[in-house]
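Everything on this sheet refers to the single structure shown next.
The values are calculated or read from the model by the stated rules, or taken from the named source; none is laboratory data. Just so we're clear, the structure is a prediction, and the values are computed from it rather than from any experiment. Positions of Cβ are generated from backbone atoms using ideal geometry, with glycine treated the same way; all protein chains shown enter the neighbour counts.
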Amino acid sequence: MESNKITILITGKLGAISGIGFETVKALAVISSSFHILLGCRLVEKGQNAPEEIKASIEAAKMQIEGQFGKLDVLINNAGIIVYHQVDTMTSPRQSFETNVFGHLAATETLEALLRKSAKPYVIYISSEQGSITKRFDPEYEFHHVRGDHYRMSKAGLNMLAACHRYNFANWGSSAPQAERQDATTITSAFPPISRKKQVVVLLSAFAAIALTIGYNQCFGVFQEYYLSPTQDVLVPGPALQVSPPTALLSFVGTLCYGLTWAGGIFVNPVISRIEHGVWVSANPSTRLWRRRSLRLLTPRTITTVGVFMMSAGFGLASLSTSIWHLLLTQGLLVGLGMSLLYFPLLAPAPEFFTTHRATAMGFILAGGGAGGLIFSPVIRALLSSVGGRWTLRILALFYAIAGLPIAWSVPRSPFTSVSTTEGAERRDTHVSRSLASRPVFIFSAVAAFLQAAGAQLPLAFIPSYTVVLGQTAAEGANLLAVSNAINAVSRILTGYAGDRLGRQNLVVLTLLLSGSSVFAFWLSSVVVTTPASFSLWITFLVFYSFSAGGYYALFPALIAEVFGIHRYASVNAFILFVRGLGTLFGTPVGGQLLGSPLEGPNAYSHVAYWDGALLMGATACCVGVRWADGKGNGWRWVA
C-alpha cells in the first residue's frame, strides 16, 4: 500500500454506494490513482439510531483508520435523510437533525485527531440549496412551493456548522469547504497533485540551500581559530598579539551570521507569502504602469537571487577587512542576511509537499547542514593554510555566486497557492496570533527552541580551539569539526525516519536528553581529567553529541506541523527560528565570556561545559512540557 496516498473517508446513509457518494468515488477515481477511498455507512432504520450507537460506530471507524493508515486527509460528510412519514410533531425534526447535523458534528470532532496528522486536511460537507434562506423567500425558485421544513432547517444548520468549522479549523491548518448537491464533483479541486518529481526537486534544492547556509555556519569555528592564530593575515593588529584576545567578539561574527540566518525568517516569510498571492500587485488601471510592472518582477526567485548576491558581496567585502567590526558588518551581518533570504523561501514550503514521510524528508533536507559542514570545514582549513584569509574569503565569494544562483532559481511555490476557496487562493498564515502565542504548548516550544539553539552551537564553535588546547593541531581540529558534521548529517536522516514511526515528540525529548547528558559525562570529564585520557573523552563526546544533537534539527519542523497544523507551519516555524536566532546570539557569546576566566588550558573550558549542559537540559525540560501540553489538549498518545 503506497504511503503517500491521500486517505479519504466518505460517510453516507445505507452506504456511500449510490447518489452523491458513489459519484464522488467515480470522480476521484478518474482524476487520480493517488487516493485511498474509504466508504463509511450506517443503517438508518426510520432514523432511530441512538446517539450512543452513532458515537460508538464513529469511534470504531477512527480506530480502524488509525491502525491501517495512521491519518485521515479528507472527511466528506455526505450522510443525509429526508423524513417523509411524520410520526408526531417532534420526531421528524429530531430525526433530520440527528443525521444531517449532529452526525456530521460527531464524526468531525471524533476524527479531528486523525485529520491533524495530515499535511493538508479537509472536512467537506455535502449540503443542499434547500438550506438557503434567500432561496426560501424567492418566489421564482423552482422548489419554492415544496414544504420539507425540517429538511430545510437541518441543512441550514449544516451550513452554519460548516461555516463555524471553517473558522475553527483554520487554527490548525484544516479547510472546511461546503459543496451543494448540484455540483458534488467540485470537491476534487481541493487536491492539487504533487508529483514525485516535484518532491525530489524540493528535497535536493532545499538540501543544497541548507548546505550553503547552515553548513557554513556550523564550521565558522575554523575561521575563529584562524583569526586568533599568529599566522592570520586579515586583522591588524592580530588578536594573538593582544594581552586579552577578543575571543568573545570574534565568536560573535559567526554567531551574528548564524543568528540572522534563522531570525530573518520572521521578516522573509511574510514577504514571500505576499509575493506569492499578489498582494502588492495592483490591478487598478490608475496605478502607474512602471510600478505595476516592477511589482510583477518581485517573485520568490528575486528574493533568493538577492540573497545569493548579498552572501557573495559579504565574503568579498570581508576580504578587505582590517578590524573586527569590519568582519561583523560583512562576514556577520551581510552574509547572515543573504543566507536568510536564500534559506527560508526554500525551506518554509518544503513540509507542505510531504505527508506520511514528512519527518524523514525534513531529516534529509536538514542533513544538508551536516553535509555542508563536512565539506566546508576541511576545505576552508586547507585554503586558509595555503592562500591565507583574504583569498579564502574571495574564493568563497566567487563560489557562492556560482553555486547559489541555480539553487535560488529552484525555489518551489507553496502548494497552498494552488488551492482556491470562495475568498480566493489560500494564503499561509504569516504571523502568530495572540491566542496561539498564549497557549502553553507554544510557550514551551519557543523557550525550548531558545535554549536548544543557545546550547547546541557552543561545542561547534569551540571544537577547533579546544582541540588545539588539548595538544592537537589546528588541522586536526578542523577535521574533527568535519567528522562532527558528518555524524550529525547521518543522525538527522535516521532520527527523522525513526520519528515517523516512534513519535516525533518522543524522539525530540530523548535526543535532547542524550545530548545534554553527553556534555556532563564526557566534555566536562575531559576538562576535569587533565591526563592523556582527556582527548579520548573529547572524541567520545563529539561522537555522542553529534549523533544526538541532530535529532532536534531533523524533527522540530515536522513536530511544528504536527502540533500546530501544516497551515500554520510557515508562521510558527518562522517565529521559532527567530527565537532560535536570538538563542544563538545569546549562547555562544556568553560562552566566549566564560572562556575569558583566569583559568588556563583545558580547565578554562569547564565553565563553558557547565553552561552548555545547563542550556540543553533546560531545553529537554521544555520539550517535556510540549509533550504534556499537546497530550492534554489533543489526548494522550504513546506515539506522538
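Numerical summary
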{"read-out": "Identity of the residue in segment 122-139, without any contact (Cβ under 8 Å) to a residue 60 or more places away in the chain and within 30 Å of the chain's Cα centre (by Cα), that ends up surrounded by the most Cβ atoms within 10 Å (Cβ to Cβ)", "value": "Tyr125"}
{"read-out": "Residue within segment 435-451 that is closer than 30 Å to Tyr226 by Cβ and either at pLDDT 85 or above or not assigned by TED's automatic domain parsing to the domain that holds Leu585 (or both) present", "value": "yes"}
{"read-out": "Condition met for Ser484 (under 19 Å from the mean Cα position of the chain (by Cα) and touching a residue at least 40 places away in the same chain (Cβ under 8 Å))", "value": "no"}
{"read-out": "Test for Phe354: is it closer than 30 Å to Ser195 by Cβ and surrounded by fewer than 24 Cβ atoms within 10 Å (Cβ to Cβ)", "value": "yes"}
{"read-out": "Residue count, segment 500-532 (criterion: hydrophobic (A, V, I, L, M, F, W, C), under 16 Å from Ser606 (Cα atoms) and in a helix (DSSP H, G or I))", "value": "8"}
{"read-out": "From the options Val508, Val469, residue that is assigned by TED's automatic domain parsing to the domain that holds Gly368 and either of a type in the set (Asp, Glu) or in contact with a Cys (Cβ under 7 Å, 6 or more places away or on another chain) (or both)", "value": "Val508"}
{"read-out": "Any hit, segment 289-296, residues being buried (at least 17 other Cβ atoms within 10 Å of the Cβ) and either farther than 28 Å from Asn506 by Cα or modelled with pLDDT under 95 (or both)", "value": "no"}
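Yes/no matrix, rows are residues, columns are (1) in contact with a strand residue (DSSP E or B) (Cβ under 8 Å, 6 or more places away or on another chain); (2) farther than 22 Å from Ala211 by Cβ; (3) among the hydrophobic types (A, V, I, L, M, F, W, C):
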| site | (1), (2), (3) |
| --- | --- |
| Ile443 | no, yes, yes |
| Ala446 | no, yes, yes |
| Phe462 | no, yes, yes |
| Glu476 | no, yes, no |
| Ala489 | no, no, yes |
| Ile493 | no, no, yes |
| Leu502 | no, yes, yes |
| Gln505 | no, yes, no |
| Leu514 | no, yes, yes |
